[in-house]
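The values are calculated or read from the model by the stated rules, or taken from the named source; none is laboratory data. Everything numeric in this text was worked out from a predicted model, so none of it was measured. Using ideal geometry, Cβ is built from the backbone for each residue, glycine included, and neighbour counts are taken over all protein chains shown.
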Amino acid sequence: MAFWTQLGLLLWKNFTYRRRQTFQLLIEVAWPLFIFFILISVRLSYPPYEQHECHFPNKAMPSAGTLPWIQGIICNANNPCFRYPTPGESPGIVGNFNASM
C-alpha cells in the first residue's frame, strides 16, 4: 500500500472512532485549550519587563579542583546578577576565589 493511502485510511479510522465517542473528543479538544488560555491569562497579567544585561559570578567546574568547585558553590549560592562583567570573565582565569572568604 502507498503511504498516502495508509495515511488516509488511518485518518478515516481515527475520525470515525472519535465521532462515536463525542464526550472523549470534547475533553481532548477542551483540555489543551483550557491550559492554553491559562497560559495566555498569566502572560497578560504579568507583562515582561526590561532588565539589563546580566553577568553572573564565575563558578569553577569540578575539573578545576575540589576546593575551588565547593567555594564556587558556597560563595555564589544566591547567584547575583551584575550589570557589568565580573572579574572572573577574562579568558584563562580559573577563579577569583582567593579573597572570597
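Of all the residues in the range 79-90, those that are modelled with pLDDT of 80 or more and exposed (fewer than 10 other Cβ atoms within 10 Å of the Cβ) number 2.
Table: residues versus (1) at pLDDT 90 or above; (2) assigned to a helix (DSSP H, G or I).
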| site | (1), (2) |
| --- | --- |
| Q6 | yes, yes |
| T16 | no, yes |
| V29 | no, yes |
| P32 | yes, yes |
| P68 | no, yes |
| F97 | no, no |
